[in-house]
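Read through the structure below, which is laid out as structure tokens, and then see the notes.
Nothing in this text is a laboratory measurement; each read-out follows from the coordinates by a stated rule. What you are looking at is a predicted structure, and each value in this text was computed from that prediction instead of being measured. Here Cβ is always computed from backbone atoms with ideal geometry, including for glycine, and neighbour counts include all displayed protein chains.
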Amino acid sequence: MRRRATKVLKITIVVLVLVIAVTAFRIYSYSDNSSDTQADAAVVLGAAVWSHGVSPVFRERINHAIELYRSGRVHKIVFTGGQGNRNEPTEAAAARNYAVSNGISPSDILIEQRSHTTYENLVNAKQLADTHGLKKVLIVSDPMHMKRAIAMAHDVGLDAYPSPTLTTRYTGFRSQGEELARETFYYLGYCVQSVLNLPS
């Protein structure tokens, strides 16, 4: 009996390792997937805001959306993200201020300021898209984040396409590995939630 239990345990471990490895490979492979489609808007997923401005990660996402807007790929920019710390602005408000200071018309910017997770970012972005008649969107985030973000975007009903940042602080082997491990964990968690129909 003990032998059989040990064998089952070993098989289970092997299967889990394979699932994790395949998922990580899919996330990494998808990170370079960038759509060249025209869209109504770029949806920028929130990231950290500091007291003196947006974080480097968030800044690169905003800059990428600005470039999409200036090149005519999108006509609106949707910034997402609520308040992390009481003494700081919301992520969306900080992003809007940054974009306006770089020449983007406030009338072409939409924001939602209630979300605190990627899933909430996208749920609230979908509400804005429906309200303003935005049919097709480009999702802007870091490359490793893109697989999970697009899966969530489709699940909430967005006609969404990937547009990862061209510049990211996750460039070194160590930082890429850490980000890949993090995204693999969260992507698998989201898949389990979806299968079990648990709230995100």
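Take every pair of alpha-carbon atoms less than 8 Å apart whose residues are at least six positions apart; their mean separation over the length of the chain yields a relative contact order of 24 percent.
Looking only at segment 35-169, where both bridge partners belong to it, what percent of the DSSP beta bridges are antiparallel (to the nearest 5)? Around 10 percent of the beta bridges assigned by DSSP in segment 35-169 are antiparallel ones. For Gln38 and His154, FRET efficiency with R0 = 25 Å and r from the beta-carbon atoms, rounded to 0.05? That pair, His154 with Gln38, gives E of 0.85. With the biggest extent put first, the Cα atoms of the chain measure 70, 35, 33 Å across the principal axes. With a simple spin-label model that places each label point 7 Å from the Cα along the Cα-to-Cβ direction, the separation between Tyr186 and Lys136 comes to 2.7 nm. Here's the list of lysines a cross-link from Lys126 could span, going by alpha-carbon distance under 27 Å and ignoring same-chain residues fewer than 8 apart: Lys76, Lys135, Lys136, Lys147. A Förster radius of 25 Å combined with the Cβ-Cβ distance from Leu166 to Asp108 puts the calculated FRET efficiency at roughly 0.70. Membrane-span-like helices in the chain (whole DSSP H runs, Cα extent of at least 24 Å along the helix axis, mean Kyte-Doolittle hydropathy of at least 1.6): none found.
With contributions of -39500 (n - 2.57) from each DSSP H run of at least four residues, the per-residue ellipticity at 222 nm computed over the chain stands at -17500 deg cm²/dmol. The Cβ shell under 12 Å around Met152 holds other residues with a net charge of +1, Lys and Arg each +1, Asp and Glu each -1.
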